[in-house]
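Right, one structure below, let's go through it.
The values are calculated or read from the model by the stated rules, or taken from the named source; none is laboratory data. This one's a predicted model, so the numbers in the text were calculated from it and none came from an experiment. Cβ placement follows ideal geometry from the backbone for every residue including glycine, while neighbour counts extend to all protein chains displayed.
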Amino acid sequence: MTKGIPPRTGARVRVERLIKRFGSLTAVAGASLDVASGEFLALLGPSGCGKTTMLMSIAGFEHPDAGDILLDERSVVALPASRRNIGMVFQRYALFPHMTVAGNIAFPLVMRRLPKAEIRARVTEVIDVVRLSGLGERLPSQLSGGQQQRVAFARSVVHRPPLLLMDEPLAALDKKLREEMQVELKGLQRLLGITVVFVTHDQQEALAMADRVAVMNAGRIEQVGSPRELYEEPASAFVANFVGESNRFQGRLVETAGSIGAVAVEGGRALRGRAAETITEPVNSPAIFMVRPEMVSVSTQPDSEAPLAGVITNLTYAGSTLSCSVAISDGLSIVARVATERLGGPALKLGDRVGVAWRPEDARIYPSEASG
């Protein structure tokens with residue numbers, strides 16, 4: 001893959017206070033975003049959060065009701081999609097079934113009326129880059145799902161756009177192929193040097209591929225950060241709940257001394273964790289306590305120092321780890337993810353009475369979503 005399309009400088013993308021309505025529904029509610037040149041940014045969120053509307057607005061297929069969109073500091077909000085010089089890969093690859101691989105890839109260049117010799121040279125280059133050499137004369141129906149995905153990618157970059165937009169392009173692939181294509185697409189993006197904005201509802205896909213992730217909820221951007229920042233320092237209960245797995249308890253704030261606080265949950269137990277910066281509510285206000293399963297330790301000798309104790313009701317083996325569900329005597333349940341016994345973890349079996357604990361700094365306390 002050393003030969004191919006010359007690396008290019010990706011475009012900087014800025015979305016400023018974007019608003020897009022569909023009748024009474026506000027799909028994007030004043031969202032702003034700044035994507036650096038050459039960055040791979042994922043828009044992540046549940047269905048209906050506004051991520052695809054944001055992408056289509058950048059592409060020019062949707063016209064916002066307010067706000068601005070800038071590519072390399074030039075506003076494109078008034079330009080039609082055909083004049084924005086953006087590559088686009090859709091969830092359904094939209095390959096022309098009657099055209100060969102080479103014909104599909106050449107289509108954007110033909111529409112731009114480039115000389116035939118240049119079209120042939122560029123198509124040959126990009127076919128080599130996406131590892132489809134020897135398949136140029138095949139029809140899409142003669143290709144695997146992964147090969148069709150590569151054709152769609154090649155067609156979107158053959159005209160050398162500085163920005164590539166991708167709308168859940170891997171959703172139709174099976175798990176193994178999807179994971180392989182994640183690595184391939186990220187490698188191709190680095191090779192070409194283009195900026196990518198990638199829409200997905202799959203958190204694992206976003207964390208695996210993106211330099212940064214923008215988490216959207218109800219038309220707004222909750223947090224933008226690296227995969228590690230989002231996972232380890234979620235800014236809100238929504239982000240903590242959506243990115244990764246968490247034990248979540250609703251209760252009331254009973255302590256806010258310094259950065260460590262406590263939430264009283266069902267049964268009156270006070271669970272200690274690090275208070276989010278967004279907590280400004282007084283003591284006794286509704287609050288949410290969250291701790292990730294891998295941050296919870298399990299002891300086969302529960303004692304009075306363990307915040308919670310209960311009985312193991314479920315064990316799920318996952319190779320190097322065990323997912324352990326513990327039912328607490330007062331009706332609560334918590335999940336811990338621990339190393340298997342072979343790798344130094346505790347010897348656990350169904351029905352064991354155990355204690356569960358965590359370091360307060362590894363748990364999070366957020367204001368109640370109802371109160372916020």
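Could you list, in sequence order, all residues of the range 188-200 that are outside any helix (DSSP H, G or I) and in contact with a strand residue (DSSP E or B) (Cβ under 7 Å, 6 or more places away or on another chain)? Quick ask: steps written out before the conclusion?
Step one: filter the range 188-200 for residues outside any helix (DSSP H, G or I), giving 193-200.
Hits for the range 188-200 are ILE194, THR195, VAL196, VAL197, PHE198, VAL199, THR200.
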> Listed residues ALA210, ALA237, ALA218, ALA214; which is surrounded by fewer than 16 Cβ atoms within 10 Å (Cβ to Cβ) and in contact (Cβ under 8 Å) with a residue 24 or more places away in the chain?
Replying inline: ALA218
> Going through the range 152-185 one residue at a time, which ones are among the hydrophobic types (A, V, I, L, M, F, W, C), more than 15 Å from PRO97 (Cα to Cα) and assigned to a helix (DSSP H, G or I)?
Replying inline: PHE153, ALA154, VAL157, LEU177, MET181, VAL183, LEU185
>> Given the condition in contact with a strand residue (DSSP E or B) (Cβ under 9 Å, 6 or more places away or on another chain), more than 19 Å from GLY30 (Cβ to Cβ) and without any contact (Cβ under 8 Å) to a residue 24 or more places away in the chain, answer yes or no: does some residue in the range 41-50 qualify?
In response: no
>> Being more than 19 Å from the chain's Cα centre (by Cα), acidic (Asp, Glu) and not in a loop (DSSP other than H, G, I, E, B) is true for just one of GLU62, GLU16. Which residue is that?
In response: GLU16
> Does any residue of the range 208-229 turn out to be hydroxyl-bearing (Ser, Thr, Tyr) and modelled with pLDDT under 95?
Replying inline: no
> Counting only residues that are farther than 17 Å from GLU266 by Cα and among the acidic types (Asp, Glu), which one in the range 330-359 is surrounded by the fewest Cβ atoms within 10 Å (Cβ to Cβ)?
Replying inline: GLU341
> Inside the range 132-151, can you point out the residues that are exposed (fewer than 15 other Cβ atoms within 10 Å of the Cβ) and part of a loop (DSSP other than H, G, I, E, B)?
Replying inline: SER133, GLY134, GLU137, SER144
> Does the range 60-94 hold any residues that are surrounded by 20 or more Cβ atoms within 10 Å (Cβ to Cβ), of a type in the set (A, V, I, L, M) and closer than 22 Å to ILE105 by Cα, and which are they?
Replying inline: ILE86, MET88, VAL89
